[in-house]
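First up is the structure itself, then whatever we jot down about it.
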Amino acid sequence: MEIFLIRLLQFVLAISLLVLLHEGGHMFFAKLFGVRVEKFFVFFDVSIGKWKGNLFSFKPKNSDTTYGMGWLPLGGYCKISGMIDESFDTEQMKQPAQDWEFRSKPAWQRLLIMIGGVTVNFLLALFIYSMVLFYWGESYVMVKDMSMGMRFNQEAKSYGFQDHDILVGTDQGAFRDFNADVYRDLSTAKRVDIIRNGKPISINLPGDLNLLGMLKSTPRFVTPYILADVDSVMPSGAAAKAGIRKGDRLVGINGKAIDSWNAYQEEVGVLSDELMAAQTHADSLKIRTANIAFMNPATSKVDTTQVLLDSSLMLGVGMTNLYSYYTPTKKEYGFFESFPAGAKYGWNVLAGYVGDMKYVFTADGAKSLGGFGAIGSLFPPVWDWHMFWLMTAFLSIILAFMNILPIPALDGGHVLFLLYEMITRRKPSETFMVRAEYVGIAILLLLMIVANLNDVLRWLGIITY
């Protein structure tokens, strides 16, 4: 419950900040061009019966704008006079146009008002990345420095990879740290350079591997090889009760030898599938009862003990990671250096995200869509400001990109119609705009239902990422 609340607080704080600034971008340009803003709300104030649906609202003296916060955290709302939006205020549109209305302004001003939100979100992401680099710098392990190499699945081995191969780069360039870009480069590479047993060699690839399949497969196409050394032991956990101590190395589970955390997690994944299919409490207890073999590296003595894993099949140990074995590369940035570095970082994140969008239109891609639960799970289980700001910047880029898509009811839909007007010198009819808004909202609701339904199905174990 504590982990859930920490993630929930981080998610709500990040979304509130992003929505506030997104809607603020619209309002800034509206006020700049003398357009009246009637309402400015963070989250939607959906009415239920006599309840107006807002947690609070206020209207400053001599102001035309009511500010407030709604209860439904699905976005925000900046109601601009004289504009057809999700409020469907057609009565206002039947009245003669006023100078302070959106529809009375030149097309270029209306265009700036519409792109104000995504502009703020994109610039905000670049600013956050810049300040993260300035304050924390960068710390990462170079892929070529991972002397224990990688662990590959059967598909990767069919192309010629072997466990413990050290990745160096592809025909597209050298690898830096191990992240999604490694998979992207491998998926389009024709040649991969590696080091095997101290000797540099190359492996040929087809150049069109399925990126989504590489990421979704269990085990994954490639992961860094990490020994199954115990970094810490939770008090009163299964490991502590069994006498497993910090520094011990797991070498087997239920009679199957393991040589890494990668292998251990694969075996636990098999147990997880069995647990989902368990019919009785006795069946569950049997699956959760595991025989763990562990070794003291100092003495090479191997002990085997029986443990009862918790309901999530957790042993109660902290796992070692790359930083446990390798000296990271550290890079510091001065204040002015951080801005071009942050812009480059943000642009690479956006390019990667846009490039991966093609997979959304596949069956596996649709299953990979995530709702609020999936987004919330991206935040760390402990409060970490470094990770919080990185996630907030990432969500800001996603919000900017998704909002600029040419879908009616999104900013991009309004931009599309404005560009049509600027090119043809003809405004789309109000009837068409209202119908387009309904279609856009229907599309968004459908996507939202699918994404959040996927979260539920993952929680039930019916589908996986």
Looking only at the stretch 271-278, decide whether some residue is under 30 Å from PHE161 (Cα atoms), of a type in the set (Ser, Thr, Tyr) and surrounded by fewer than 17 Cβ atoms within 10 Å (Cβ to Cβ).
-> yes
Kindly establish whether ALA374 is modelled with pLDDT under 80 and either under 30 Å from VAL270 (Cβ atoms) or not basic (Lys, Arg) (or both).
-> yes
Which condition breaks for ILE84 when tested against (1) in contact with a helix residue (DSSP H, G or I) (Cβ under 6 Å, 6 or more places away or on another chain); (2) at pLDDT 80 or above?
-> (2)
Which of the residues spanning the stretch 222-247 are charged (D, E, K, R) and over 13 Å from VAL307 (Cβ atoms)?
-> ASP229, ASP231, ARG245, LYS246
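For the stretch 1-82, please list each of the strands (runs of 3 or more DSSP E) lying entirely inside it that holds at least 3 residues being open to solvent by 60 Å² or more (accessible area, probe 1.4 Å).
Details: elements: 37-44, 54-58, 66-70, 72-80.
Passing ranges, in order: 54-58.
This table checks each residue for (1) in contact with a helix residue (DSSP H, G or I) (Cβ under 9 Å, 6 or more places away or on another chain); (2) within 22 Å of LEU8 (Cβ to Cβ); (3) open to solvent by less than 80 Å² (accessible area, probe 1.4 Å); (4) modelled with pLDDT of 80 or more.
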position	(1), (2), (3), (4)
PRO381	yes, yes, yes, no
VAL415	yes, no, yes, yes
LEU419	yes, no, yes, yes
MET422	yes, no, yes, yes
GLU430	yes, no, no, no
MET433	yes, no, yes, no
Among the strands (runs of 3 or more DSSP E) contained in the stretch 111-207, which hold 1 or more residues that are within 26 Å of the chain's Cα centre (by Cα)?
-> 138-140, 150-152, 166-170
If we keep just the residues of the stretch 190-218 that are open to solvent by 70 Å² or more (accessible area, probe 1.4 Å) and out of contact with any strand residue (DSSP E or B) (no Cβ under 8 Å at 6 or more places or on another chain), which is farthest from ILE292 (Cα to Cα)?
-> ASP208
Restrict the check to the stretch 219-232 and report whether at least one residue is open to solvent by 60 Å² or more (accessible area, probe 1.4 Å), acidic (Asp, Glu) and more than 22 Å from LEU322 (Cα to Cα).
-> no
Which one is modelled with the highest pLDDT, of the residues in the stretch 435-465 that are outside any loop (DSSP other than H, G, I, E, B) and among the β-branched types (Val, Ile, Thr)?
-> VAL439
All but one of (1) among the hydroxyl-bearing types (Ser, Thr, Tyr); (2) open to solvent by less than 80 Å² (accessible area, probe 1.4 Å); (3) in a helix (DSSP H, G or I); (4) touching a residue at least 40 places away in the same chain (Cβ under 8 Å) hold for TYR326; which doesn't?
-> (3)
Subset of the stretch 392-413, residues open to solvent by 20 Å² or more (accessible area, probe 1.4 Å) and outside any loop (DSSP other than H, G, I, E, B), comes to PHE394, ILE398, LEU399, PHE401, MET402, ASN403
Wholly inside the stretch 242-319, strands (runs of 3 or more DSSP E) that include 3 or more residues that are among the aliphatic types (A, V, I, L, M) are 249-253, 289-296, 301-308
Restricting the stretch 221-263 to residues that are at pLDDT 90 or above and among the charged types (D, E, K, R), which is nearest to the chain's Cα centre (by Cα)?
-> ASP231
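The values are calculated or read from the model by the stated rules, or taken from the named source; none is laboratory data. Predicted model, so just to flag it, every value in this text is computed and none were measured. Don't worry about glycine lacking a Cβ; one is built from the backbone with ideal geometry, like all the others, and counts go over all protein chains shown. The protein model used for the area step is the full one, side chains on, heavy atoms only, and it has no ligands, DNA or RNA in it. Shrake-Rupley method; radii C 1.70, N 1.55, O 1.52, S 1.80 Å.
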